[in-house]
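See below for the structure under consideration.
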Amino acid sequence: MTQHAPVVLDIAGTTLNADDRRRLQHPLTGGLILFARNWVDRGQLVELTHEIKSVRPDVLICVDHEGGRVQRFRTDGFTHLPPMRALGELWHHDGSAGAGTGALTATDAATAAGYVLGAELRACGVDLAFTPVLDLDHGASGVIGDRAFHRDARVTTVLAKSLMHGLLLSGMANCGKHYPGHGFVKADSHTDVPVDKRALEAILSDDARPYEWLSTSLASVMPAHVIYPKVDNRPAGFSARWLKDILRLQLGFTGAVFSDDLSMEGARRIDGTVVRYADAATVALNAGCDLVLLCNQSLGDGRAVDELLDGLEAGLAQGSWEADPDSEARRVALLPQSAPLTWDTLMHHPAYQRALERLP
């Protein structure tokens, strides 16, 4: 096993081609993220994940699969999960009594959602979903919107922990995002560079509270491509202040840190300059990320993916970043530790049937 395999890349199609296999075999490749374009049906997905593991058994197969509008696989039996806001609304009213009576119903539904989400993905060979969203619903962010559980950090924390419990029951780890909070800013970091001008104290006392309260429960975290200029002039995912000083030392987080997608506009500019993907990855790794994502760059000739791998390999030899065995251990810890249920077994499993009944 390599000393540190930080790159999470993607593939263009529904099967592996020669370039995909070559990139998966690169010693710096540690993960692969799937998208809707990689999906035809369950049989094809199972074959694809099996093929990926046959090339690289230790690779972490990931997907953005939260429920609501962010759910990559929606057909051929996959449950249409509700947006997380539906769980926050259930918290206040479960439909059977007065306002404020639904908290326990909502936590049960969140655990059910986590179990269904994790068990269905694992039955198809997926190791990790990038969920839960811990951003607070300030009402400003269109890109977050109903992906957020609630405006209240306390409600968000309890529902997220309940969802994480369901993931754990399915044998899947979790990833809280987008640290320290994306919900306050209106701009979308996919296409812009959002700026949150609040003071550190305001952020830590509100949006970042779930990361403090879940510091012993979160297996991994994904920082926001948001600049908080009163804390650091770099986005959180490129900031040692945010990742090492605050997240690790102050909040006590010990899990893995993923960068968000390095191809997003919010990641392309560092200190006001548009940088190469390999340079952005190097900055992220030095700032405290354990893994770096590059999405949607396998399309076409995939040159950007090769440039990232080659650039990081050259940088490692030149000492511009250092391989970290602790980072590699955190990556490996995200891999499932138990065998999944097959789809047919899952469909008849009592725990799965009960979970379906409890979804809002």
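The values are calculated or read from the model by the stated rules, or taken from the named source; none is laboratory data. Bear in mind the structure is a predicted one, so any value in this text is a computation, not a measurement. Cβ coordinates were reconstructed from backbone atoms using ideal geometry, including for glycine residues, and neighbour counts include every protein chain displayed. Quick note on the areas: whole protein, heavy atoms, side chains included, nothing else; ligands and nucleic acids left out. Shrake-Rupley method; radii C 1.70, N 1.55, O 1.52, S 1.80 Å.
Brief remarks follow.
- In percent, rounded to a whole number, the relative contact order of the stretch 36-113 is 18, using alpha-carbon pairs under 8 Å and six or more apart.
- Percentage relative contact order, the stretch 257-319, counting C-alpha pairs under 8 Å, at least six apart: 37 percent
- The percentage of C-alpha pairs in the stretch 238-283 whose separation is greater than 16 Å is 43%.
- Taking each DSSP H run with n ≥ 4 as -39500 (n - 2.57) and averaging over every residue of the chain yields -11000 deg cm²/dmol at 222 nm.
- Tensor-based shape of the stretch 54-210 (alpha-carbon gyration tensor, a/c under 1.5 rounded, otherwise prolate or oblate): oblate
- Dipole-positive endmost among Val332, Ile52, Ala240 within the chain (Cβ charges, Cα centre): Ala240
- The order of Phe35, Phe73, Phe184 by accessible area, most exposed first and with a 1.4 Å probe, is Phe184, Phe35, Phe73.
- DSSP bridge pairs, the stretch 1-101: antiparallel proportion in percent, nearest 5: 20 percent
- Here the convex hull built on the C-alpha positions of the stretch 230-360 has a volume of 202 cubic angstrom per residue.
- Antiparallel content of DSSP bridges confined to the chain, in %, to 5: 20 percent
- Translational diffusion coefficient (Stokes-Einstein; Kirkwood radius from C-alpha pairs) of the chain at 20 °C, 1.002 mPa s, in µm²/s: 105 µm²/s
- Solvent-accessible area assigned to carbon and sulfur over the chain amounts to 51 percent, based on a 1.4 Å probe.
- Per residue, in Å², the accessible surface of the chain once ligands and nucleic acids are set aside, probe 1.4 Å: 39 Å²
- When each of Lys177/Lys244; Lys177/Lys197; Lys161/Lys197 is checked by Cα-Cα distance, pairs over 21 Å: Lys161/Lys197
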